[in-house]
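**Student:** Take a look at the following structure, please.
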Amino acid sequence: MSRLKMFFIIIFVIIIISIFSLLLIQKFSWFKQFNFSLQNSFIRLDLEEDLSENNDYFLNCLNIQDSFDVSILDKSKPTNSHDNSLLDAITLYESATVKTKIGDWANAYKLYEQASYTQPGFFLAFSSKALASYQLGKYNEAESELRSLIKEYPMCADSRAGLTALLWKKGLIGEAQTNWAAVLGLDNRYLDKDWLLNFRHWPPAAVEDLFHFLETIR
């Protein structure tokens, strides 16, 4: 076989290998994208299930800052680091919620804290962390965080309702009533104990105090 023929054979083999390698890379890249999209779909479904009833209010609280964009959960394209931090925060939040269901509020607190650090603007993570501190008896911390949340997110009722319960516990009935009036103007679901415990996953201590407060003003 001449050297020229050998040269062309080698070039041909290299081209075939290159094309095959490119196809494998594209296939793997497509699989990764599909897998990420599938994971997003499951996370989105979990989130949508939690927010299925009158979810406009909660989506507003979730997306209260431009830095937190729930719509990225609908994208199948590869994500950037910001998108990944959002998905990580939601995963941490869901893990914390699982802990609340078994009464493990200490670990729920840690997970809510991680979620709030991972994605600034994730209102429910911050509010849930404050409520977890309420359940753990860290009342000064809970009050400080709830007041900060009300100042930063005045249109989200969760922290106002939590502060209402805490103010009642401290005997500050007048301020509690003022906060409660704002809660009712934003979201009257906080009148529903079952919703608070099983949908919003409030801690039992805060729920008990809130409904003791409601009994005093009836």
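**Student:** What about N179, is it farther than 27 Å from S85 by Cα and out of contact with any helix residue (DSSP H, G or I) (no Cβ under 7 Å at 6 or more places or on another chain)?
**Tutor:** No: the conditions fail for N179.
**Student:** Related question: Mind checking which residues of region 191-213 are crowded, with 16+ Cβ neighbours inside 10 Å and over 20 Å from W105 (Cβ atoms)?
**Tutor:** F213
**Student:** Only one of these conditions is not met by K129: (1) at pLDDT 95 or above; (2) on the phi > 0 side of the Ramachandran plot; (3) under 13 Å from the mean Cα position of the chain (by Cα). Which number is it?
**Tutor:** Checking K129 against (1) at pLDDT 95 or above; (2) on the phi > 0 side of the Ramachandran plot; (3) under 13 Å from the mean Cα position of the chain (by Cα), the one that fails is (2).
**Student:** Please determine whether any residue of region 183-190 is surrounded by 18 or more Cβ atoms within 10 Å (Cβ to Cβ), of a type outside the set (S, T, Y), out of contact with any strand residue (DSSP E or B) (no Cβ under 9 Å at 6 or more places or on another chain) and modelled with pLDDT of 95 or more.
**Tutor:** no
**Student:** Let me ask something else about it. Has region 111-121 got at least one residue that is farther than 14 Å from A89 by Cβ, surrounded by 19 or more Cβ atoms within 10 Å (Cβ to Cβ) and in contact (Cβ under 8 Å) with a residue 24 or more places away in the chain?
**Tutor:** no
**Student:** Ok, one more. Just to be sure I understand, how many residues within region 187-214 are out of contact with any Asp or Glu (no Cβ under 9 Å at 6 or more places or on another chain) and within 22 Å of K151 (Cα to Cα)?
**Tutor:** Matching residues across region 187-214 total 3.
**Student:** Give just the number: which of (1) more than 15 Å from the chain's Cα centre (by Cα); (2) buried (at least 19 other Cβ atoms within 10 Å of the Cβ); (3) among the small types (G, A, S); (4) not in a helix (DSSP H, G or I) does G137 not satisfy?
**Tutor:** The number of the failed condition is (2).
**Student:** Within region 140-163, is there a residue that is part of a loop (DSSP other than H, G, I, E, B) and among the hydroxyl-bearing types (S, T, Y)?
**Tutor:** yes
**Student:** Please specify each residue of region 174-187 satisfying the condition of being in a helix (DSSP H, G or I) and under 22 Å from the mean Cα position of the chain (by Cα).
**Tutor:** Within region 174-187, V183, L186 meet the criteria.
**Student:** What's the total number of residues in region 166-218 that are among the small types (G, A, S) and touching a Leu at 6+ places or on another chain (Cβ under 6 Å)?
**Tutor:** Total meeting the criteria: 2.
**Student:** Further, regarding this structure: Pairs only if they're at least six apart or on different chains, beta carbon under 8 angstrom, first in region 202-218 and over 19 Å from G174 (Cβ atoms), second surrounded by 20 or more Cβ atoms within 10 Å (Cβ to Cβ) and aromatic (F, W, Y); list them, first residue then second.
**Tutor:** Correct list of pairs: P203/W105; P203/Y134; A205/Y134; A206/Y134.
The values are calculated or read from the model by the stated rules, or taken from the named source; none is laboratory data. Owing to the predicted nature of the structure, the values given are computational and were not obtained by experimental measurement. Don't worry about glycine lacking a Cβ; one is built from the backbone with ideal geometry, like all the others, and counts go over all protein chains shown.
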